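Structure first, commentary second.
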Amino acid sequence: MLLTREYIKTLEREEIKIGNKYYLGELVNDDEDLEEIIKGGAIGVDERNVVEFVVSDLDNDNLLDCLVVIKSIH
């Protein structure tokens, strides 16, 4: 099961599912280039899984607070 990361705006970790919305902060590590991830529309959330997404609500003040919708997991 692929789980979100701990993020200040969410109460607990949950399973990542296609079609669901998540904060970008639930999917990335703190040291990653957020602008490049948003442009690319994909993030490797662990050693084996890449999550593709579309941004549904861009927060330019805090990119970690952008809402994304999961398109695929592979």
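Things worth noting here:
- Candidates are the residues of the range 10-28 that are at negative phi and loosely packed, with under 10 Cβ neighbours inside 10 Å; the one that is modelled with the highest pLDDT is Glu15.
- If you go through the range 33-45 and keep only what is surrounded by fewer than 13 Cβ atoms within 10 Å (Cβ to Cβ) and part of a loop (DSSP other than H, G, I, E, B), you end up with just Asp33.
- Taken together, Arg13, Arg48 contain a single residue that is touching a helix residue (DSSP H, G or I) at 6+ places or on another chain (Cβ under 9 Å), in a loop (DSSP other than H, G, I, E, B) and free of Cβ contacts under 8 Å to residues at least 24 places away in the same chain, which is Arg13.
- Residue in the range 65-73 that is touching an Asp or Glu at 6+ places or on another chain (Cβ under 7 Å) and open to solvent by 90 Å² or more (accessible area, probe 1.4 Å) present: yes
- Hits in the range 19-42 (condition: hydrophobic (A, V, I, L, M, F, W, C) and within 16 Å of Glu6 (Cα to Cα)): Leu24, Leu27, Val28
The values are calculated or read from the model by the stated rules, or taken from the named source; none is laboratory data. Model, not experiment: these values are computed from the prediction. Virtual Cβ from ideal backbone geometry, glycine too; neighbours counted across all protein chains shown. Heads up: the accessible areas ignore ligands, DNA and RNA and are worked out on the full protein's heavy atoms, side chains in. Shrake-Rupley method; radii C 1.70, N 1.55, O 1.52, S 1.80 Å.
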